[in-house]
Amino acid sequence: MAISSESAAGTMQEKSLAGTGSWMFSGPLIMIFCLAALVPFVTNDYWVLIATRAAIYWVLVGALNLVIGFAGQLAIGYVALLTLGAYTTSVLVAGNVSPPVPVFGALAIAGVAGAIFGVIVGLPALRLRTFYFAISTLGFATIITQIALAWQSVTGGGIGLPGPEMPAPFHTHAGFYFLCLTAAGLITWMTANIAHSRFGRGLIAVRDADVAAEATGIRKARLLMTIFVFTGASAAIAGGLFAALQTYITPDAFTFDLSVLFFISVLIGGRGSILGPLLGTVILTLLPEFAAPLAAWSTFLYAVLLLVIVLVAPGGIAALLDFGNRRVLRANRTIVPKAALVGHLLATDKAKSGIALRGVVLSFLGVRAIDGVDLDVEAGKIHGLIGPNGSGKTTILNVISGFYGPEAGSIALGGEALKPGDSESRASQGIARTFQTPRIVGEASVLQNVMIGGTIRGQSTFVESLFCLPRHRGDERTLRSEAMTALSAVGLESLADIRADRLQHSELRFMEIARACMARPAFILLDEPAAGLSADEILRLGQFLKAISRQGTGVLLVEHHADLIFDICDYVTVLNLGRVLAQGTPAEIRVHKEVISAYLGG
Amino acid sequence: MLASIIASGLAVGAVYALIGVTYNTMFSASRVMSFTAGQLGMLGGVFGSLFVLRLGLPLVVGLVLMLVCCAIVGLITEFIAVRPVLKSLDQHLYVLSTLALALMIQQVVAVEWSTEPQAFPRVFGTGAGGILDEKFWLPVLTCAVTICALELLYRRTLTGLSFLAIAEDNFAARALGLPERNLRMASYALAGMIGGLAGFSGGQLLLAFVANGPLLNFYGFVPVALGGLGNNRGAIVGGFALGLFQQAANFLVGGIFSSVAVFMLFIAVLLAAPRGLFGGHLARRV
């Protein structure tokens, strides 16, 4: 049938940009949709009905997967948007508030309504932590049903109203099924496109490493809102289709059990996967059919499944199917960066003249962590920042990268003041950084982690990525090849497809440096990059950092390895108790009396 | 009119406040917010009705049995849904594990008890129908007694002090040799009883009804969110304020819009003050 080939073609197109290993990704999806297309030819109307329901659920769950599985937001009340879509479509088609609207027009309006309410439901996620957000979506779900019950003149109250009647050729069971299957295929294709775009990578970064996400310039609020618009619209359209399938809707049809089914489908499937949640949706839709005597207990079964997944297999189906990452990695790997490749990586115009801190003061609960610090980091130079623990080194990095706004003093880049406390803008202004404890997305591949660093350089808009338009494909090609170059430069190219959480600690440090380079920064701030590295690796790290500075990029290096500092730095600042104790060339610092007594030791 | 708004507002407010204290008691012991808090309130009503009306036991026996059963549910929460995920608190798996357990409890009650609201026994049988009906003052009295008992426990006994020590700094408390696991289990049993009392004392108002579970989960969480996590005084103030606001809205604009109003208020306050009105300071992220 035409529909199946269309959805298959969609996934094929997706494949061509995903590059290596993409058959592993799209093959099973294509197979599932091909099998699904056969359902009307080999079974009876009853099973077509069940399959239709699964397809409709997937229209919602597939989009919700981006919210729960990718962005990690525990939205447990999405039945609210299904309800909204179902009622909007039915009411518009029935003409209760306006002249009757054609079905597809009503579906489109429902989509718009869903997009608006999707944002309203999602708004709390920007400020609230997990449990709060979960509860607020739960509250929303309760209220929507109560409104449907109370607003009798429009919704028919407890008696309900008929669902929309589909026009030909979708009025038959099979016709409607293929319509829903097409919608499901479309959702699969679109979410796969998003998953393999800077937006999808941004979502998992927000989920697992929000601090690093900010430092790479991912705008969390805007990104989440975009996703909530998309998911809200999809969920409401699914609601319209659901109403058509039900033929008659009452508030009872939208129990919290449905919400449970939706988010458990995603969790059983596994976070950050598309195949997993798809299988989860199919399994959970079919489960009550095979366990008919247990129908009253279906929610109980879902709950048990959820508990088992959480306690025993948090990775879900996707982790069970992830055969590639079972391969044993070679032990005792050493990292050999190729400093020669740095030229390809950072070759851009660097007009920025330097970072300048003047009289910066910041205190935590009355303790002055930095107490009037002046600091100048020049382009093309390596600036060492040393001092005892608690002397304010990392805090200075955090002030520069905008995680803290100073109480007094100013920070400027190339003579222009940097907005204090605006961490999401730093990457686009040319400042990248690494962290004392590597902040990474453990469940994503090393390559994906590095590609996150190039977020700000992406050109395509969300809609272009959604439909896999040329600019999106161009972005992906460029980012992928640059990320491979970056990985080669730090000597990790052989591990590109490995899950990041399987790497050694030292490898993660180099991976973070590669990620920082992806933004083509004018300045790189490194927080103890040599911690946990072997003596050889420290030497190579030093050469690599020198190569970076030769490209014109300024390096601010917080480090405890005095040898490394004195070896590669052009200039050193020593901090003690939040104040500058000494500044000068390594040779001057090495013999500075106070530095020796406070920090280096005699 | 005003009198009845205040009477019913204080009564439901007391129930919400007690559920809030249930959330807090679990949170203090484990840093976990549990979806079973509201279910415990629902169970208090269901067990009360089951033991006293259906099985015909004396009221005091029914009350004690209810407390025991709810304490056991609290312990089950700790053992099944909380202890296994404590190692990875930052992944927030507890949201899912406690939700799963809450759904299981709810489903068992729906299938084995009833999906319809069932009658709840009268405890004292005074002032039937009027403002002095026990359904109005019993929750308030229970709330007051519970709070006083908790204050005595936390301030005057060594066990209570160790609860506080664990809530303040889990690692330091363990380093001092406090039996952290036993205290956590005790806290969950205690939370179970408080939740049960909330449902039992509010039984005349809310009846023994399975749908009270999710309802109390939400309305019991609002005072916690307003008052700040782990802050019992905040939860009490928040609970009564919520009860009065809800009942006033109920009388003024009708039932449905009162829940919409409560929801809007909840979201608005949280967006303005994500740590609650009496909340603590932000943890350092970087």
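Here residue A:109 fulfils each of the conditions (1) free of Cβ contacts under 8 Å to residues at least 24 places away in the same chain; (2) β-branched (Val, Ile, Thr); (3) under 30 Å from residue B:273 (Cβ atoms); (4) away from chain B (no Cβ under 13 Å) apart from (3).
Looking at A:410, A:423, A:391, A:353 in this structure, which one is touching a residue at least 60 places away in the same chain (Cβ under 8 Å) and surrounded by fewer than 17 Cβ atoms within 10 Å (Cβ to Cβ)?
On the way: A:410 fails: touching a residue at least 60 places away in the same chain (Cβ under 8 Å); A:423 fails: surrounded by fewer than 17 Cβ atoms within 10 Å (Cβ to Cβ); A:391 fails: surrounded by fewer than 17 Cβ atoms within 10 Å (Cβ to Cβ).
Result: A:353 is the single residue among A:410, A:423, A:391, A:353 that is touching a residue at least 60 places away in the same chain (Cβ under 8 Å) and surrounded by fewer than 17 Cβ atoms within 10 Å (Cβ to Cβ).
Counting only residues that are facing chain A (nearest Cβ under 8 Å) and over 22 Å from the mean Cα position of the chain (by Cα), the stretch B:260-275 holds 1 of them. Taken over the stretch A:562-577, the criterion of being outside any strand (DSSP E or B) and modelled with pLDDT of 90 or more is satisfied by A:564, A:565, A:566, A:567, A:568, A:569, A:570.
Restrict the check to the stretch B:95-104 and report whether at least one residue is buried (at least 18 other Cβ atoms within 10 Å of the Cβ), within 14 Å of chain A (Cβ to nearest Cβ) and β-branched (Val, Ile, Thr). Full working, then the answer.
First pass over the stretch B:95-104, keeping only residues buried (at least 18 other Cβ atoms within 10 Å of the Cβ): B:95-104.
Keeping just the survivors that are within 14 Å of chain A (Cβ to nearest Cβ) gives B:95-104.
Filter once more, keeping what is β-branched (Val, Ile, Thr): B:95, B:98.
For the stretch B:95-104, residues buried (at least 18 other Cβ atoms within 10 Å of the Cβ), within 14 Å of chain A (Cβ to nearest Cβ) and β-branched (Val, Ile, Thr): present.
Select from the stretch A:139-175 the residues that are modelled with pLDDT of 90 or more, outside any loop (DSSP other than H, G, I, E, B) and within 15 Å of residue A:86 (Cβ to Cβ) and list them in ascending order. Result: A:161, A:162.
Kindly evaluate residue A:90 against the criterion of being touching a strand residue (DSSP E or B) at 6+ places or on another chain (Cβ under 6 Å) and among the polar types (S, T, N, Q). Considered against the rule, which asks whether it is touching a strand residue (DSSP E or B) at 6+ places or on another chain (Cβ under 6 Å) and among the polar types (S, T, N, Q), residue A:90 comes out as yes.
Taking the stretch A:116-131 as the range and being surrounded by 20 or more Cβ atoms within 10 Å (Cβ to Cβ) and either at the interface with chain B (Cβ under 7 Å from one of its Cβ atoms) or hydrophobic (A, V, I, L, M, F, W, C) (or both) as the test, the residues that pass are A:117, A:121, A:124, A:125, A:131. A search for C-beta distances below 8 Å between a residue of the stretch B:227-255 that is closer than 14 Å to residue B:19 by Cα and free of Cβ contacts under 8 Å to residues at least 60 places away in the same chain and any residue that is crowded, with 21+ Cβ neighbours inside 10 Å and β-branched (Val, Ile, Thr), counting only pairs 6+ apart in sequence or on different chains, returns B:234/B:224. Among the residues of the stretch A:147-161, is there at least one that is closer than 30 Å to residue B:26 by Cβ, among the hydrophobic types (A, V, I, L, M, F, W, C), buried (at least 20 other Cβ atoms within 10 Å of the Cβ) and within 13 Å of chain B (Cβ to nearest Cβ)? No, the conditions are met nowhere in the stretch A:147-161.
Taking the stretch B:43-61 as the range and being assigned to a helix (DSSP H, G or I) and either without any contact (Cβ under 8 Å) to a residue 40 or more places away in the chain or closer than 10 Å to residue B:193 by Cα (or both) as the test, the residues that pass are B:44, B:51, B:54, B:60, B:61. Of the residues making up the stretch A:211-236, those that are hydrophobic (A, V, I, L, M, F, W, C) and closer than 14 Å to residue A:455 by Cβ are A:212, A:213, A:215, A:218, A:223.
From A:239, A:232, which residue is in a helix (DSSP H, G or I), crowded, with 21+ Cβ neighbours inside 10 Å and more than 24 Å from the chain's Cα centre (by Cα)?
Working: A:232 fails: more than 24 Å from the chain's Cα centre (by Cα).
Among A:239, A:232, only A:239 is in a helix (DSSP H, G or I), crowded, with 21+ Cβ neighbours inside 10 Å and more than 24 Å from the chain's Cα centre (by Cα).
A single entry from B:82, B:68, B:64 fulfils the requirement of being assigned to a helix (DSSP H, G or I) and farther than 22 Å from residue B:210 by Cα: B:82.
The values are calculated or read from the model by the stated rules, or taken from the named source; none is laboratory data. As the structure is a computational prediction, the values presented were derived from the model and not from experiment. No Cβ is skipped: glycine too gets one built from the backbone with ideal geometry, and neighbour counts run over all protein chains shown.
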